[in-house]
Amino acid sequence: MNVKLIVMGQGGVGKSCLTQQFCLNRFVGDSYSPTVEDKFTKHLEVNGKAVFAEILDTAGQDQYSDLRPHFLPHGDAFVLVYAINDNETFEKIDEFHEQIFQVNERAAQLPIILIGNKCDMESERRVEVEEGQVKKNELQERGGKVIFFETSAKDNLNVEEAFRKAISLSLELNTSSESTTTSGVMGAGKSNTYEAGNSAAAAKKKSGGLFSKCSLL
């Protein structure tokens, strides 16, 4: 079965770090030149089913916002990321959530994973765990199944769990079988594609160092 995940969030929150940790089992460094999108693929088993996951790591910079309507309608699940040490990235979550609902007709039925990343930067925390839980409840009231995690891409905490939960919920809804399957659908603009296990694919580095206590709610 095919499942398309789209990772969204403000620039610098660690979207690429999370995605590459899950797909390639590596933590990228401190610098990264963002493209409009980087697409990763991974074969795995979820809920006893063989799954081919396509994960789109999108650029969070405002100059790319006009391109999001081109790929958002095709997502089967969404991962919304903020950094616990940056309150502005937390405030931006509502904007990304609204964009999904504006262009994806299935949005109210699709799973959304809310992630507070960089949770091992506890000494620099600006967004409390309780605030993340409140935000999760607010988003769920607007539709869809929302799950909240705190993660650390650097320490690989809750990364596998968060992505697998997104895929699992998508499979339960059977949304993947309803999706349009085309390699170009999730390719609006400049992109790079990486396949898990392909050491020849040189993954780029991303800004936003990551960091002790992580929560799963």
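Determine the pairs where a residue that is of a type in the set (Lys, Arg), located within the stretch 104-115, has a partner that is modelled with pLDDT under 95 and not in a helix (DSSP H, G or I) with Cβ atoms under 8 Å apart, the partner being 6 or more residues away or on another chain. From residues that are of a type in the set (Lys, Arg), the pairs are Arg106/Thr175.
Every residue, every condition in (1) surrounded by 14 or more Cβ atoms within 10 Å (Cβ to Cβ); (2) at pLDDT 95 or above; (3) in a loop (DSSP other than H, G, I, E, B), yes or no:
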| residue | (1), (2), (3) |
| --- | --- |
| Leu139 | yes, yes, no |
| Asp155 | yes, yes, yes |
| Arg164 | yes, yes, no |
| Ser168 | yes, yes, no |
| Ser177 | no, no, no |
| Gly197 | no, no, yes |
| Ala202 | no, no, yes |
| Leu210 | yes, no, yes |
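Output the residue which, of all residues in the stretch 113-137 that are of a type in the set (Gly, Ala, Ser) and assigned to a helix (DSSP H, G or I), is nearest to the chain's Cα centre (by Cα). Here the residue is Gly132.
The values are calculated or read from the model by the stated rules, or taken from the named source; none is laboratory data. Computed from a prediction, not measured in an experiment: that's the story for all the values here. Every residue, glycine among them, receives a Cβ derived from its backbone with ideal geometry; neighbour counts consider all protein chains shown.
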